[in-house]
Amino acid sequence: MPWSNQGSNGGNNGSGDDPGKDSSKDKPTDKPSAGGSVPHNPWGQSEGVAGPSSSGGTKSSGGKPGPRPQPGLEDAVRQGGERLRVLLGGGGGGNGGGNGGRSRPSGSPFTLNGWSTGRVIGVGVAAVAALWLATGVYRVAADEQGVVLRFGKPVRVEQPGLRYHLPAPIEQVLLPQVTRVNRIEIGYRSQGDGRRSVSDRDVADESTMLTGDENIVDIDFAVFWVIKDPAKFLFNIREPEETVKKVAESAMREIIGRTEIQPALTDARQRIENDSRQLLQTILDQYQAGIEITQVQLQRVEPPPAVVEAFNDVQRARQDRERLRNEAETYRNDIIPRARGEAERLNQEAQAYRDQVVDLAQGDAKRFQQVLEAYAQAPDAASRRLYIETMEQILKGTHKILLDDKAGGGAVPYLPLNDMLKTPAHPTTPPASPAQVGK
């Protein structure tokens, strides 16, 4: 080397270089100088001494060492490999190293168990790439759908099964549960299985509503919903549950605002549920929320606790009014048909009497006309017949007794015809039997 060992403690019993000396004396030796020992370098070289791999090292014109050249990429890789080999126990290139104190020849590639540096790097890169590609394998459960995002933008929806997407950060997948029925409680918070009970906590701000007839009613209800479109559900609304809750409360208030309190408490519950569900679904479709409302279920519909007694009094008064009205309707329905039936009966009887009298008059007129015609043809016969018919009519209902003034011989000239023509009211006594006659 063109320069001496600058790192020795005592030098070579001198200071500096002598340009007039033989060049063979300037070569570094593996033995320590007389003035001191060379410090051991774990990388196989002594401090201040250029190794055999020093390329382009030249002396200056004055015998001084020139500027040390910068190592290239190959030298950096080789030096790193040697350091790795030393750490793995393969020995260093310095004094007492695994190569018997000899440095590795310049330009020889680093090897590890027979593998060159480029091959090791290539295998490592391939293994890392394989692991990176394997991270794209995923599974979609039976109750899920996979929404694949490419740089944050949804590109497709995958059905249940084993699927693959490009590894992150190119693509990623979101797995919402599309078959699970979600439940939202409005007006109360249940403590158990979701059913309304006495122990549930009431939320008056959500349940108090105004009816169409300006009455206050306390309504607790539950909304059941599922995910219809996972892409819209994930990206069109930020807080799905809160959105469904607010829209459901608004829809219920609108429906109750068009309904009177009495139907809301009794027979209009089913209609309220259907109307509120349809209105809620319409609003969510306008938002493109990707949510389907399956059911709206009313849990409790009653007046607020502060006015429940007064409301019950009003309801009892209304029930009494309805009872009295029903009784009046019953009496009216009974008396009016009977009066109408009696009037119709009298009308029919009068009509029948009128027809009877007219018919009799017309018959008498026709009969008199016929008698007049017969009298005109034979007056004597007609007169005698009229006399006989008149006497028949007169004597038909009178008590008749015949007296014969020419009867003699002591006979009574009396014949009670009426008594003889009368039918006896009781049967006559049967004749006595021969045995009774013999007695």
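Every residue in region 142-156 that is open to solvent by less than 60 Å² (accessible area, probe 1.4 Å) and either of a type in the set (Ser, Thr, Tyr) or at pLDDT 85 or above (or both), please. Break it down stepwise before answering.
Quick first cut of region 142-156, residues open to solvent by less than 60 Å² (accessible area, probe 1.4 Å) only: 143-149, 152, 154.
GLY146, VAL147, VAL148, LEU149, PRO154 - these are the residues of region 142-156 that are open to solvent by less than 60 Å² (accessible area, probe 1.4 Å) and either of a type in the set (Ser, Thr, Tyr) or at pLDDT 85 or above (or both).
Checking the structure you have, find out if any residue of region 341-358 is at pLDDT 85 or above, under 60 Å from the mean Cα position of the chain (by Cα) and of a type outside the set (S, T, N, Q). Scanning region 341-358, I find at least one residue that is at pLDDT 85 or above, under 60 Å from the mean Cα position of the chain (by Cα) and of a type outside the set (S, T, N, Q), so the answer is yes.
Using the structure shown, decide if PHE233 is buried (at least 16 other Cβ atoms within 10 Å of the Cβ), closer than 29 Å to ARG271 by Cα, modelled with pLDDT under 90 and in contact with a strand residue (DSSP E or B) (Cβ under 6 Å, 6 or more places away or on another chain). Reasoning before the result, please.
Numbers: buried (at least 16 other Cβ atoms within 10 Å of the Cβ): yes; closer than 29 Å to ARG271 by Cα: yes; modelled with pLDDT under 90: yes; in contact with a strand residue (DSSP E or B) (Cβ under 6 Å, 6 or more places away or on another chain): yes.
So PHE233 passes the test.
The residue of region 111-141 that is modelled with the highest pLDDT, among those that are over 35 Å from the mean Cα position of the chain (by Cα) and in a loop (DSSP other than H, G, I, E, B), is THR135.
Screening region 292-312 for residues that are surrounded by 15 or more Cβ atoms within 10 Å (Cβ to Cβ) and among the β-branched types (Val, Ile, Thr) and picking the one that is farthest from the chain's Cα centre (by Cα) gives VAL301.
Quick check: is even one residue across region 289-297 modelled with pLDDT under 95 and assigned to a helix (DSSP H, G or I)? There is no residue in region 289-297 that is modelled with pLDDT under 95 and assigned to a helix (DSSP H, G or I). Every condition in (1) polar (S, T, N, Q); (2) within 22 Å of VAL226 (Cβ to Cβ); (3) surrounded by 11 or more Cβ atoms within 10 Å (Cβ to Cβ) holds for GLN159 except the one numbered (3).
Every condition in (1) assigned to a strand (DSSP E or B); (2) more than 21 Å from ASN215 (Cβ to Cβ); (3) among the charged types (D, E, K, R) holds for GLU344 except the one numbered (1). Considering (1) in contact with a strand residue (DSSP E or B) (Cβ under 8 Å, 6 or more places away or on another chain); (2) more than 15 Å from ILE291 (Cβ to Cβ), the lone condition that ILE227 does not fulfil carries the number (2).
Does PRO240 count as open to solvent by less than 20 Å² (accessible area, probe 1.4 Å) and either over 16 Å from VAL301 (Cβ atoms) or out of contact with any Lys or Arg (no Cβ under 7 Å at 6 or more places or on another chain) (or both)? No: the conditions fail for PRO240. Of the strands (runs of 3 or more DSSP E) lying entirely inside region 154-267, those carrying at least 1 residues that are without any contact (Cβ under 8 Å) to a residue 24 or more places away in the chain are 161-164.
Candidates GLU342, GLU292: the one that is of a type in the set (Asp, Glu) and touching a strand residue (DSSP E or B) at 6+ places or on another chain (Cβ under 8 Å) is GLU292.
The values are calculated or read from the model by the stated rules, or taken from the named source; none is laboratory data. This is a predicted model, so every value here is computed, not measured. As a convention, Cβ positions derive from the backbone with ideal geometry for all residues, glycine included, and neighbour counts pool all protein chains shown. With ligands, DNA and RNA removed, areas are computed over all heavy atoms of the protein, side chains included. Shrake-Rupley method; radii C 1.70, N 1.55, O 1.52, S 1.80 Å.
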